[in-house]
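The values are calculated or read from the model by the stated rules, or taken from the named source; none is laboratory data. Here the structure is a predicted model, which means the values were calculated and not measured. Virtual Cβ from ideal backbone geometry, glycine too; neighbours counted across all protein chains shown. Ligands, DNA and RNA are excluded from the accessible area calculation, which covers all protein heavy atoms including side chains. Shrake-Rupley method; radii C 1.70, N 1.55, O 1.52, S 1.80 Å.
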Amino acid sequence: MAFLAVSTQAQDPAPAPSASSTPAPNPPAPDYADMLTKALDEGFEGFQKAEPATPEEFRDYLHLLGQIVEMKTSKEKQAKRTQALLSQTAEAEAAIANFKPPVINADSGLDAFDSARLDLWQALNWLAALEKIAESRTEQNRISFEELKKAQSELQALQNAGNPSTPQLAWQRKLQDLRVAVAYAEHQARTDSSFLHADMKLQKARIKMANKYLDHLKGHVV
């Protein structure tokens, strides 16, 4: 097992609604991968035909899109890993419920005891590490939430500026809206603890199983 950043579950990264937004049907989530591919294919000169972007803004646009695409891919992989952990936990719990003491002899008893003791040690240490990760998430969540609020505030300022809207202002709003989408996706990734909790549940099941073996074996080995 290895330490993994906890990701989001089922929703695509999307900008959190601003205070001034009016109720409306939820639009389909933007296809950020397609937007990135299109911008790369067009290049800066082609992109400038539609948006009054500077070279620095175009690079920022590509970077933001790349972040969202990467986080979406990571989230999908994380969801699969979470499901795998849940399946392993279900198997472990079924084995605990239907526990059958192992048949041992003079040659296999000590090896079985050492194996169970090693399993217990590994599960206990991994669970302790996961609990430390859980404790550190509170500060990470606070930081990501502050970053999201800042991005939303800057977007709100752009939405309130200029009337009527100019092409340059419309582009700045679009770019800032993308920054909000990135901040929101990062906040989702940091606050989603489903993978962490699934791993902790699995380790607790492994600890219980190892103790069952040890309780049975300790009276049969020297």
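A few notes on this one:
- Whole-Hz ³J(HN,Hα) from phi, Karplus 6.51 cos²θ - 1.76 cosθ + 1.60, for segment 63-78, glycine and proline x: 5, 5, 4, x, 4, 5, 4, 5, 5, 5, 5, 5, 5, 5, 5, 5
- Fraction of accessible area attributable to carbon and sulfur, segment 92-222 (%, probe 1.4 Å): 55 percent
- Taking a ≥ b ≥ c as the square roots of the Cα gyration tensor eigenvalues, segment 20-160 comes out prolate, since a/c reaches at least 1.5 and a/b is larger than b/c.
- Sorted largest first, extent of segment 147-207 alpha carbons per principal axis (Å): 64, 16, 11
- Other residues within the sphere of radius under 10 Å centred on the Cβ of ALA123, judged by their own Cβ, net out at +2 (K and R +1, D and E -1).
- The heavy atoms of THR166 offer some 70 square angstrom of accessible surface to a 1.4 angstrom probe.
- Label zone at PHE145, where the point sits 7 Å out along the Cα-to-Cβ direction: segment 158-193 residues whose backbone N lies under 18 Å: 183-193
- Within-15-Å neighbourhood charge of SER87 [Cβ basis; K, R +1; D, E -1]: +1
- Computed from the C-beta positions of LYS80 and HIS197, the FRET efficiency with R₀ = 22 Å rounds to 0.85.
- Computed over segment 120-222, the quotient of the alpha carbon radius of gyration and 2.2 N^0.38 Å is 1.89.
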